[in-house]
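This structure is in structure tokens; I'll ask about it shortly.
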Amino acid sequence: MDHIYVEEVSSERSDYLARTYGTGTATPDSRVDADIVVIAVRPQDDVAGVARSIAERFDPAKTVVVSIVAGYTIAKLQAVLGADWRVVRIIPNTLTTVDYGYSGAALGEGANKDDVDAFLTTFGKVLYVEERLIDIITGFYPPNIVYHFIDAYVDAGVLAGLPRDIAKAIALDTLIGGTEFLKQKDVLPQVLLNINNSPGGVGITQAYTLNKTGFAAAIQSAVLAAVERTTALGSNSK
């Protein structure tokens, strides 16, 4: 990529991006020769209007459209853009800023990995999937659920009598170490739980308490609700 142009409704944001990252400023009348155009608006915004603007200003033979609009399908975009446009739908993951996190990507008809792979891999790992999985991934992978867990875990340590800074240090180290150990062993979590949960021990007592309080069901319900919300946002978009 030789250069990045940003079309932004907020002039303050546009100026900030230009100062910080050296981006160029585009306007609704700009007709730069772009290899990739990214639609990065909210589903409740005028997505169709943005798509029409792209169709009027760019050449589908040269330009690939990448959409990060939650819940907005490739078919809906192509209905506005035209069938000859190559569209890729991606949901970036904020964890890519710390070298973690997968971004789910779906290729529309006529689009292929070569069109976007060099671009997408500049900000993390990419999973190319069927589009039907994109909304599920969107609701499944945000790290918020991890933050909720750590918050509760740290509070549990404080409740038991630990100073908060010690509880936080142990919680973070346990989470990172446990995840890394699980990756190294390359087994399902149940395998390690069976090893750790000795008869009448601390681990199985903890497991019983979590099961009794609906821990697993609460996490599963939260993920399903997030997936349903993602789909609803796309369905109600303009």
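The values are calculated or read from the model by the stated rules, or taken from the named source; none is laboratory data. What you see is a predicted model, and the numbers here were worked out from it, not measured in a lab. Quick reminder, even Gly has a Cβ in these numbers, built from the backbone with ideal geometry, and neighbours come from all protein chains shown. These area figures cover heavy atoms from the full protein model, side chains too; ligands, DNA and RNA do not enter into them. Shrake-Rupley method; radii C 1.70, N 1.55, O 1.52, S 1.80 Å.
For every residue, the table says whether it meets (1) free of Cβ contacts under 8 Å to residues at least 24 places away in the same chain; (2) in contact with a Ser or Thr (Cβ under 8 Å, 6 or more places away or on another chain).
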position: Asp99; (1), (2): no, no
position: Gly104; (1), (2): no, yes
position: Asp117; (1), (2): yes, no
position: Leu120; (1), (2): no, yes
position: Lys125; (1), (2): no, yes
position: Glu130; (1), (2): no, no
position: Leu133; (1), (2): no, no
position: Thr138; (1), (2): no, yes
position: Tyr147; (1), (2): yes, no
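Can you pull out every residue in the range 34-77 that is outside any loop (DSSP other than H, G, I, E, B) and of a type in the set (Gly, Ala, Ser)?
Ala48, Gly49, Ala51, Ser53, Ala55, Ser67, Ala75
Restricting the range 48-57 to residues that are closer than 15 Å to Val6 by Cα and of a type outside the set (Lys, Arg), which is surrounded by the most Cβ atoms within 10 Å (Cβ to Cβ)?
Among them, the one singled out is Val50.
Any idea which of (1) more than 15 Å from the chain's Cα centre (by Cα); (2) more than 24 Å from Ala118 (Cβ to Cβ); (3) open to solvent by less than 70 Å² (accessible area, probe 1.4 Å); (4) modelled with pLDDT under 90 is the one Asp29 doesn't satisfy?
Asp29 satisfies every listed condition except (3).
Looking for whichever is among the acidic types (Asp, Glu), at pLDDT below 90, within 17 Å of the chain's Cα centre (by Cα) and over 20 Å from Thr230 (Cβ atoms) here; the options are Asp99, Asp135, Asp117. Which one fits?
The conditions single out Asp99.
Between a residue in the range 18-47 that is under 10 Å from Glu7 (Cα atoms) and touching a residue at least 24 places away in the same chain (Cβ under 8 Å) and any residue that is of a type in the set (D, E, K, R) and open to solvent by 40 Å² or more (accessible area, probe 1.4 Å), which pairs come within a Cβ distance under 8 Å, given they are 6 or more apart or on different chains?
Within 8 Å, the pairs are Pro28/Glu7; Ser30/Glu7.
Please find, among Val88, Val80, the residue that is modelled with pLDDT of 90 or more and either open to solvent by 80 Å² or more (accessible area, probe 1.4 Å) or not in a helix (DSSP H, G or I) (or both).
Val88
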